[in-house]
Amino acid sequence: MDYIYIVGFFLAGAYLVYRGVREFKIIIIPGIYFFLLGIWRLADKLIPEIELMGGVYAWIIRIVSLCVLAATVIIYYMKYMRKKN
């Protein structure tokens, strides 16, 4: 089941980078993030000695996720409000 998530993250990243960039350039940030998340999950599955989805590593991925989400929302909101005014 985890491999389906990995493929899903890679497909979502590819879609956002390839298609989303044409409409709104900031979409490249979450696209690259999904690629990174796919690599992170794949490394977690291939190297079971290092638990990348638990402990300190889980907090690292959560903080990076929060930063990516916040940056994307702020930039999108600023562009939307600029376009509206």
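The values are calculated or read from the model by the stated rules, or taken from the named source; none is laboratory data. Note that the structure is a prediction, hence the values are computed from the model and not measured. FYI the Cβ positions are ideal-geometry reconstructions off the backbone, even for glycines, and counts take in every protein chain you see. For accessibility, only protein heavy atoms count, side chains too; no ligands or nucleic acids. Shrake-Rupley method; radii C 1.70, N 1.55, O 1.52, S 1.80 Å.
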remark   = The helix 56-84 Cα axis meets the longest alpha-carbon principal axis of the chain at an angle in degrees, between 0 and 90 and rounded to 10, of 10 degrees
key: Protein accessible area in the chain, 1.4 Å probe - carbon and sulfur %   = 71 percent
task = Compute, for Arg41, the solvent-accessible surface of its heavy atoms (probe 1.4 Å) with the complete set of protein chains present, and express it in square angstrom to the nearest 10.
result = 70 Å²
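Helix-only mean residue ellipticity at 222 nm, the chain, DSSP H runs n ≥ 4 weighted -39,500 (n - 2.57), per residue, nearest 500. What is it?
Numbers: 3 runs with 62 residues, N = 85.
Roughly -25000 deg cm²/dmol at 222 nm, from the helical runs in the chain.
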request  = May I ask you to give the average projected area over all directions of the convex hull of the Cα atoms of the chain, in nm² rounded to one decimal?
outcome  = 5.9 nm²
key: Farthest positive-ward along the chain dipole, Cα basis, beta-carbon charges - from Trp40, Ile27, Val64   = Ile27
inquiry  = As a test of reading the structure, rank Ile74, Ile28 by solvent-accessible area (1.4 Å probe, protein chains only), most first.
reply    = Ile74, Ile28
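Provide the per residue accessible area, probe 1.4 Å, for the chain, rounded to a whole number of square angstrom.
Numbers: 6540 Å² over 85 residues.
Per-residue accessible area for the chain comes out at 77 Å².
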